[in-house]
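The values are calculated or read from the model by the stated rules, or taken from the named source; none is laboratory data. The structure presented is a predicted model; accordingly, all values stated were derived computationally and were not measured. Here the Cβ positions follow ideal geometry from the backbone for every residue, glycine too, while neighbour counts run over all protein chains shown. The protein model used for the area step is the full one, side chains on, heavy atoms only, and it has no ligands, DNA or RNA in it. Shrake-Rupley method; radii C 1.70, N 1.55, O 1.52, S 1.80 Å.
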Amino acid sequence: MDLTLELEHADEIAAAQEEARQLMRFGDRRGAISQLEAVTEWCTSNTPLGGSTLLELAIALDADGRRDEARKLFVKLQSSEDKNTRKVAQQMLFQEEAAEFLKVDASGAGSEAEYAKLATPTLMAARQFRTYSTTDGFLTSARRPPVESISEARMVLRTAAVRRDAGGTPERVGQSLEFLRTLRREECVRGRAAEALPSLRGEWLLGLTVGGDGKPSFAPLQAQMTLAADERFERRLPALLGALATTVGGYEVRDSSDGAKLIVEWRGSECRAGPLPLPAESGTDGVLYLDSLMLVLQRPERAQVWVRPTMRDAADATASP
């Protein structure tokens, strides 16, 4: 592998690494693998950056059950000129061999406890790429400088939406939204409307809403939205006196006339809070950000941060004793 390519693309490799770590943090192993695989052509196994990127890819593959592919990478990396990469790769291979010898099923119930008996501290640190806590202290520090990267903006919004808590620094949620507004569409949404549509479909949980005062308000766990393939939607949001109102109708995803924005147009046909009929809301949202885990919708009067249910599942798992 040509080291020149790695140096030329160092920023892209580092960005993919950071995003992959965030995706792994919230349980999206396949999303992490996709991020890392996109930059492996520029990585050499003999440098700290390239070696760690390939190592994280191997660990993500292993966590996703693709152990044959992971093993091939670990075998390659155990000859790395980078000491740390070589050491962790060797330990991962040792762990797999020890598990096979002791007839431990790495994917079965209780496997983490069995691995804990085999692993060194360094190896267990590597295995923790499987799940991460969403309560990192650095996100809640009021002394941190303003949000200045898309990676940090994603992490702040994802974490606040999943935890339904701004961590004592609600201004960082606002900073993250403001930062996203400064970016070009292609940095926040991949592809035109037809390409983005599959990423929009499915179930979403509303994490938080930021109104005109800039302060986040957090949604109840039951607030959710489903976008079906037949361009029908069902959305449950807080209404009067804390009741949840369910709206059903159709939706259309399109590009703005100048192509600068992705737009979702809602056409509500029915709305009820229990047996009580309510006016069905229609309207238009701009898509401020969209990836496999998070959707940020924006209107002049508010922004909403939605997350996939898998993120809540991952957060609950890491919070369990």
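Can you find, within segment 5-51, the residue that is most open to solvent (accessible area, probe 1.4 Å) among those that are among the acidic types (Asp, Glu), part of a helix (DSSP H, G or I) and in contact (Cβ under 8 Å) with a residue 40 or more places away in the chain? Full working, then the answer.
Kept after step one, since they are among the acidic types (Asp, Glu), are these residues of segment 5-51: 6, 8, 11-12, 18-19, 28, 37, 41.
Okay, now just the ones that are also part of a helix (DSSP H, G or I), so 6, 8, 11-12, 18-19, 37, 41.
With the extra rule that they be in contact (Cβ under 8 Å) with a residue 40 or more places away in the chain, the set shrinks to 6, 18-19.
Values: GLU6: 8, GLU18: 72, GLU19: 10 Å².
Within segment 5-51, the match that is most open to solvent (accessible area, probe 1.4 Å) is GLU18.
Can you list the strands (runs of 3 or more DSSP E) found entirely within segment 177-233 that contain at least 2 residues being of a type in the set (Val, Ile, Thr) and in contact (Cβ under 8 Å) with a residue 12 or more places away in the chain? Walk me through how you get there before you give the answer.
Details: elements: 202-210, 216-218, 224-227.
Because the criterion is at least 2 residues that are of a type in the set (Val, Ile, Thr) and in contact (Cβ under 8 Å) with a residue 12 or more places away in the chain, the strands (runs of 3 or more DSSP E) in segment 177-233 that meet it are 202-210.
Within segment 285-293, does at least one residue satisfy the condition of being surrounded by 13 or more Cβ atoms within 10 Å (Cβ to Cβ), modelled with pLDDT under 95, aliphatic (A, V, I, L, M) and within 26 Å of SER151 (Cβ to Cβ)?
Kept after step one, since they are surrounded by 13 or more Cβ atoms within 10 Å (Cβ to Cβ), are these residues of segment 285-293: 285-293.
Checking which are modelled with pLDDT under 95 leaves us with 291-293.
If we keep only those that are aliphatic (A, V, I, L, M) as well, we get 293.
Going one step further and asking which of them are within 26 Å of SER151 (Cβ to Cβ), we end up with 293.
The answer is yes, given that some residue of segment 285-293 is surrounded by 13 or more Cβ atoms within 10 Å (Cβ to Cβ), modelled with pLDDT under 95, aliphatic (A, V, I, L, M) and within 26 Å of SER151 (Cβ to Cβ).
One residue is enough: does segment 89-111 have a residue meeting the conditions open to solvent by 10 Å² or more (accessible area, probe 1.4 Å) and modelled with pLDDT of 90 or more?
Yes: one or more hits.
Taking GLY168 as the residue in question, decide whether it is open to solvent by 60 Å² or more (accessible area, probe 1.4 Å), farther than 20 Å from GLU19 by Cα and not in a strand (DSSP E or B). So that I can check it myself, show each step before the final result.
Numbers: open to solvent by 60 Å² or more (accessible area, probe 1.4 Å): yes; farther than 20 Å from GLU19 by Cα: yes; not in a strand (DSSP E or B): yes.
When the stated conditions are applied, GLY168 passes them.
I'd like to know if segment 283-294 contains one or more residues that are closer than 19 Å to ASP165 by Cα and either among the polar types (S, T, N, Q) or under 17 Å from the mean Cα position of the chain (by Cα) (or both).
From segment 283-294, those closer than 19 Å to ASP165 by Cα are 293-294; that's our starting set.
Filter once more, keeping what is either among the polar types (S, T, N, Q) or under 17 Å from the mean Cα position of the chain (by Cα) (or both): 293-294.
Scanning segment 283-294, I find at least one residue that is closer than 19 Å to ASP165 by Cα and either among the polar types (S, T, N, Q) or under 17 Å from the mean Cα position of the chain (by Cα) (or both), so the answer is yes.
Tell me yes or no: at least one residue of segment 155-163 is modelled with pLDDT of 95 or more and open to solvent by 30 Å² or more (accessible area, probe 1.4 Å).
no
Assuming SER141 fulfils every condition listed in (1) closer than 20 Å to GLY211 by Cβ; (2) at pLDDT below 85 apart from one, which condition is it?
In the conditions (1) closer than 20 Å to GLY211 by Cβ; (2) at pLDDT below 85, SER141 misses (1) alone.
When segment 256-270 is examined, which residues are found to be open to solvent by 50 Å² or more (accessible area, probe 1.4 Å) and either in a strand (DSSP E or B) or more than 20 Å from LEU290 (Cβ to Cβ) (or both)?
Our first condition is that a residue be open to solvent by 50 Å² or more (accessible area, probe 1.4 Å); within segment 256-270, this holds for 257-258, 260-261, 265, 267, 269-270.
Scanning segment 256-270 gives GLU265, ARG267, SER269, GLU270.
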